[in-house]
Amino acid sequence: VTLLFSGTVNVVNGNLQTAALAVPGDIKQPGIPLQLRLRFNEASFPTGTTTINAQLSMDGGSTWKTASMTCVKPSTWKGPAPHFWSLGFTLGQNDNPTHARLIVSAPAQFNLVGTIEAV
Amino acid sequence: VTIALAQSITGNGATLTLNGVVSGALLTLQDSFYRTSGGAVAEAPPTDTQGAWSVSSAGVPGAQGNGNYSGCGIFHQANAAAGTHTVTPQTSADNNATLCEWVGCKAASPLDASASASTNNFAGTSQVTGTTAVTAQNDELVLIAFGLACPVGVTDVGFTDPVSGFTTQQKVSNDASDIATFHAYKIISATGTQSATFNWTDTEATQFCGAAIATFKAADSSAPIYGNGQDATHLHDGRRNVSAMYSMQGWSPVGAEKWFADELEQAAGTPPTFQAAWARNSNSIIQPGLH
């Protein structure tokens, strides 16, 4: 597991696009897909629908493949907080991502708290 | 034809979106859920912005005994349209989903065998999926799913990972503030019954869970059933590739296009006159009935 990002990001005006985060070349195993794994604390999310887009590039950031998920607040959860929105994105086993990126679209400004990992 | 995973998403959002899906792909969704209303009924298929989904395997979930249920479902969409698919699993109190795009599976009726099982209110540490009938083909994709809940729960139920013989797609071990989830797959190369057992170490009382398994057929191999071999082929879903047949050297009988349009799907009854014309003009081997 390689931690690409951990901490808090201010999602100004509800929109965020991170810089391209380099995926270290030594963590991709031949024949095993690399997974981008995102995990964010739902407590800080604004009311309404927030869309999280996970992107992977295989050409140094020139082109991107995208997976996305909508997070609706308020939402029901099992058990006590903290609760997390989690999103994983995996390409084929022979694909070799070089960079990862996160794009967030929310109804209002908020502080995004969480981690982005390459597994 | 080799089955391969093209891309997948795991997540617990209201919707999951795959972009750049190729035409004809098989989409699958494994969903583990915790439900506080709705009763002891199987999960319904998800909705999609493109195309309809079918149940692959979805059994009655496990029950806590006070109206709470936990289980899972496996769903598929065959011959998917190209482009973007935004998929919405059935609403529940909590869920974890795995959405995949597969290439190399049959475009028409890919689902072969399935089974499901669940357990109510127990302190056990394993759950079987149930055992499928013998698979129809050597080469098939096998998906399994599991959802486990408990009123209090623990932060790590201690899953055995991987499930023997399978590749893990998503594992969530926390059933205190989440639903314990396990999704996995394997690609088989021999016929037989299929089953799997999920194991964990938490012995807490009043657990309830459900498991499911489903198998999907690989597309037919490109057998050279006609022609000199250089262009003879099948489409990915097993139907004859008319374009390739037209391009075969030395064969262009008048009216062939209309004949194929009318008769392609009833090829078992290849007219003898046409069969003879083919043989005269192409030095080909015809095997009526193979399509």
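Just so it is clear, none of the values below were taken in a lab; they were calculated from the coordinates. The structure presented is a predicted model; accordingly, all values stated were derived computationally and were not measured. When we count neighbours, we look across all protein chains shown, and the Cβ atoms used for this are built from the backbone with ideal geometry, even at glycine.
Just want the ordering: A:Met69, A:Met58, from fewest to most Cβ atoms lying within 10 Å of their own Cβ.
Values: A:Met69 27, A:Met58 16.
Sorted ascending by nearby Cβ count, the order is A:Met58, A:Met69.
Per-residue shielding of B:87-95, expressed as the average number of other chain Cβ atoms within 10 Å of the residue Cβ, stands at 2. Over all Cα atoms in the range B:1-144, the spread is summed up by Rg and Dmax: 15.6, 48 Å.
Below 8 Å, C-alpha to C-alpha, sequence gap of six or more: please give me the relative contact order for the range B:6-74 in percent.
Values: 82 pairs, mean separation 23.2, N = 69.
Relative contact order for the range B:6-74 comes out at 34 percent.
Spin-label model, A:Ser105 to B:Ser54: label points 7 Å out along the Cα-to-beta-carbon direction sit 3.3 nm apart. The alpha-carbon positions of the range A:1-60 define a convex hull whose volume is 118 Å³ per residue. Of the residues B:Tyr185, B:Tyr34, the one with the fewest other Cβ atoms within 10 Å heads the list, and the complete ranking is B:Tyr185, B:Tyr34.
The mean number of Cβ atoms from other chains found within 10 Å of a Cβ in peptide B:23-33 is 0, as a whole number.
Which links in A:Lys78/B:Lys186; A:Lys73/B:Lys186; A:Lys65/B:Lys106; A:Lys73/B:Lys106 stretch past 32 Å when you go from one Cα to the other? Working shown, then result.
On the way: A:Lys78/B:Lys186 30 Å; A:Lys73/B:Lys186 36 Å; A:Lys65/B:Lys106 25 Å; A:Lys73/B:Lys106 39 Å.
Table pairs above 32 Å Cα-Cα are A:Lys73/B:Lys186; A:Lys73/B:Lys106.
Along the axis of the charge dipole computed for chain A (Cβ charges of +1 for Lys and Arg, -1 for Asp and Glu, origin at the Cα centre), the listed residues A:Thr98, A:Pro30, A:Gly88 are led at the positive end by A:Gly88. Amide H to amide H distances under 5 Å link A:Leu4 with A:Ile116, A:Glu117, A:Ala118, where only residues 5 or more positions off or on other chains count and H is placed in the peptide plane.
Over all directions, the projected convex hull of the C-alpha atoms in chain A averages 7.4 nm² in area. Per-residue shielding of A:82-88, expressed as the average number of other chain Cβ atoms within 10 Å of the residue Cβ, stands at 5.
Quick one: A:Ser62, B:Ser195, B:Ser8, fewest Cβ neighbours within 10 Å first, how do they rank? Walk me through the numbers before you get to the answer.
On the way: A:Ser62 10, B:Ser195 16, B:Ser8 26.
Neighbour counts put them in this order, fewest first: A:Ser62, B:Ser195, B:Ser8.
The Cα trace of the range B:118-216 gives Rg and Dmax of 13.9, 44 Å, the first to one decimal, the second as a whole number. Projecting label points 7 angstrom from Cα along Cα→Cβ for A:Ala22 and B:Thr47 puts them 4.5 nm apart. The residue among A:Gly60, A:Val113, A:Thr2 whose Cα reaches farthest toward the positive pole of the charge dipole of chain A, with charges on the beta-carbon of Lys, Arg, Asp and Glu, is A:Val113.
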